[in-house]
Structure formats: structure tokens, C-alpha cells
1. Scan (1) more than 16 Å from D207 (Cα to Cα); (2) touching a His at 6+ places or on another chain (Cβ under 7 Å) for the single condition V78 breaks and write down its number.
2. Can you name every residue in the stretch 82-109 that is part of a loop (DSSP other than H, G, I, E, B) and either free of Cβ contacts under 8 Å to residues at least 40 places away in the same chain or open to solvent by less than 10 Å² (accessible area, probe 1.4 Å) (or both)?
3. Which of (1) touching a Ser or Thr at 6+ places or on another chain (Cβ under 8 Å); (2) surrounded by 15 or more Cβ atoms within 10 Å (Cβ to Cβ); (3) free of Cβ contacts under 8 Å to residues at least 60 places away in the same chain does A128 not meet, given it meets every other one?
4. Which residue is farthest from L34 (Cα to Cα), if the candidates are limited to the stretch 61-81 and must be in a helix (DSSP H, G or I) and open to solvent by 40 Å² or more (accessible area, probe 1.4 Å)?
5. Just one of T205, T148, T197 is within 19 Å of the chain's Cα centre (by Cα), modelled with pLDDT under 95 and open to solvent by 30 Å² or more (accessible area, probe 1.4 Å); which is it?
6. Residue check: is N153 in contact with a strand residue (DSSP E or B) (Cβ under 7 Å, 6 or more places away or on another chain), touching a residue at least 12 places away in the same chain (Cβ under 8 Å) and not in a strand (DSSP E or B)?
7. Testing A112 on (1) touching a residue at least 40 places away in the same chain (Cβ under 8 Å); (2) closer than 27 Å to G69 by Cβ; (3) in contact with a helix residue (DSSP H, G or I) (Cβ under 8 Å, 6 or more places away or on another chain), one condition comes back false. Which one is that?
Amino acid sequence: VRLVGDDRQLAAVGAGGVLRDIAATHGAVRLDELVRFADPAEAEASLAMRDGDRSALGYYLDNDRVHVGDIDGCVHEVLEAWQRERTGGRDCLMLAPTRELVRELNLQAQAARGPAGASAPLSDGCAAHLGDVVITRRNDRRLGVSATDWVKNGDRWKVEAVRANGSLSVRHLASRLHVDLPAGYVAAHVELGYASTVHTAQGITTDVVHGIVTGAED
């Protein structure tokens, strides 16, 4: 059995941490090349941040990546940045430390996009319209998107059809594959996907991220 993952990621909200335990007790083979950033300097800074090296913050400060304000001001700035990225054709994910702030960002982003037409109720108390970005929050192998892939927790999709029974036809933002999500799954395990918490965002690849931190992070 080969387990692939990152023992430095945030631990699961529920029971978890098995990769961390294995790495600490028995050791692990590690990949040594990072390919998720276009800028090599940013890649190095992210690895230093992963190791808990506070000097890595210098990269983000020097490159005007950090802005200070109160919560309301930060929400406004993040939304403005999201709109700029969207206008420029880039996939942007907003991050927030609490589910309440995530919901606020999602609703404001949806309102800025101008939803219209039929809607389907979602698990976060919001509703999905045609063209919205949503995120699935539960693995379900019965919902296949290809011969080898299925709907997973953390996948982000664009809504291509909303049906009267509350089901959705969606296209994956990365793979571009389609799947139909039943109304029961949509109502229980689908949320708006313009913003998410850091825990939810782990593993997601996007063009750019704009996020809010409170200073309480470790």
C-alpha cells in the first residue's frame, strides 16, 4: 500500500493525522521539486513557510502580498481583488478563517455576478444558479465523472444547468469533465465555491488566491 500526502498539512477536523504519525515513527520518501508556482522564488518561500520559518514572510511583504485592515475592510478588499481576477480571466479562490466569513464572501461574490433564473438549495443555506461556482464536500464513488474518477470532497465545479427537482449539471473547473449531481447530494453536500476555509482549500489548485488571516493562525 502506497500512501501519498503531506504530513505538514492541517490535520483533519475529525480523527486523522495518520500520515504525520507514519512519517514521525517510520520516516517517508519525499518529493523534492515543487511545481505549483510559476515563480521559483515564491515556490521557495512557500516551502520555508511550510517548515515554519518566519523569515519566509519577507517574500510576501516585499512583494506587496500583505495588506492590513479590519475585518470589514479586508472582506471588501478581497472581493474587489476577486472581481479584478475574474475580469482578467483568472480562476480566483477567496479564503477566510471562519465558515461565517466564507458564507458572506460567497453571497457577495454571487450577488456581484448577478444570479438569475432557477436555483437549487445548497447545504450552506445558499442557493446555486446557472453559472455559479460550487464545491462538493463529500466523496461519492457512485457519482462517476470518468472511468477512473468520481466526485470528491473539495472539487470545484461550474453549474451548467439547474433542474426543477434541485439537481445540478456541473463541469469540473480543472478537468472540464461533466457530472450530474442528484438533488439529495446537492442539498446535503454542495456549497457555493467562490470562497472557502483553509481546511477546505487544501489540495485545490487555482490561478490565484486572495485570503483573510486574523493573526490567530499558528
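The values are calculated or read from the model by the stated rules, or taken from the named source; none is laboratory data. Since the structure is predicted, the reported quantities are computational estimates derived from the model, not experimental observations. Glycine also receives a Cβ, built like all others from the backbone with ideal geometry; neighbour counts cover every protein chain displayed. SASA here: full protein model, heavy atoms, side chains in, ligands and nucleic acids out. Shrake-Rupley method; radii C 1.70, N 1.55, O 1.52, S 1.80 Å.
1. So V78 meets the others, but not (1).
2. Across the stretch 82-109, the qualifying residues are G88, G89, A96.
3. Among (1) touching a Ser or Thr at 6+ places or on another chain (Cβ under 8 Å); (2) surrounded by 15 or more Cβ atoms within 10 Å (Cβ to Cβ); (3) free of Cβ contacts under 8 Å to residues at least 60 places away in the same chain, A128 violates only (3).
4. Of everything passing the filter in the stretch 61-81, D72 is farthest from L34 (Cα to Cα).
5. Testing whether each residue is within 19 Å of the chain's Cα centre (by Cα), modelled with pLDDT under 95 and open to solvent by 30 Å² or more (accessible area, probe 1.4 Å) leaves just T205.
6. Against the criterion (in contact with a strand residue (DSSP E or B) (Cβ under 7 Å, 6 or more places away or on another chain), touching a residue at least 12 places away in the same chain (Cβ under 8 Å) and not in a strand (DSSP E or B)), N153 qualifies.
7. It fails just one condition, (1).
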